[in-house]
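**Student:** Structure incoming, see below.
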Amino acid sequence: MPENDGVSERHVLVLPDRDAAEEVAGELPDRFGVAEEPQLVRDSLAGEDDAEDAQWLVVVEDPDGRLDPTALDSLAAEYEGWLEAP
């Protein structure tokens with residue numbers, strides 16, 4: 001029985017800024033066939049005063065567990081980001 005049987009998987013891509021996050025979110029349907037719109041989340045680090053320095057997260061729901069984490073990490077890397085380890 002698969003480990004995530006019946007459990008939706010979630011992937012979190014970390015990007016350096018909002019523009020990169022929006023571009024990655026826009027690439028997901030074409031490259032991976034993601035139907036559900038990814039969620040963009042501003043991730044400010046503790047003690048940050050300047051909103052410009054915040055990282056942005058792209059949260060992708062993967063209910064069927066079909067997205068390839070390596071390919072997602074490669075996409076994020078194209079925008080100077082990475083896939084957060086589960």
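The values are calculated or read from the model by the stated rules, or taken from the named source; none is laboratory data. A quick note: this is a predicted structure, and the numbers were derived from the prediction, not measured. With ideal geometry, Cβ positions are generated from the backbone for all residues, glycine too; neighbour counts draw on all protein chains shown.
**Student:** Could you count how many residues in the range 37-59 are part of a loop (DSSP other than H, G, I, E, B), at pLDDT 90 or above and surrounded by fewer than 13 Cβ atoms within 10 Å (Cβ to Cβ)?
**Tutor:** Here is the first cut: in the range 37-59, the residues part of a loop (DSSP other than H, G, I, E, B) are 37-38, 44-50, 54.
Next, from what is left, pick out any that are at pLDDT 90 or above: 37-38.
Remaining after also requiring surrounded by fewer than 13 Cβ atoms within 10 Å (Cβ to Cβ): 37.
Of the residues in the range 37-59, 1 are part of a loop (DSSP other than H, G, I, E, B), at pLDDT 90 or above and surrounded by fewer than 13 Cβ atoms within 10 Å (Cβ to Cβ).
**Student:** Can you report the number of residues in the range 60-86 which are part of a loop (DSSP other than H, G, I, E, B) and not charged (D, E, K, R)?
**Tutor:** In the first step, residues of the range 60-86 are kept if they are part of a loop (DSSP other than H, G, I, E, B); the result is 63-68, 79-81, 84-86.
Still in the list and also not charged (D, E, K, R): 63, 65, 67, 79, 81, 85-86.
Number of matching residues: 7.
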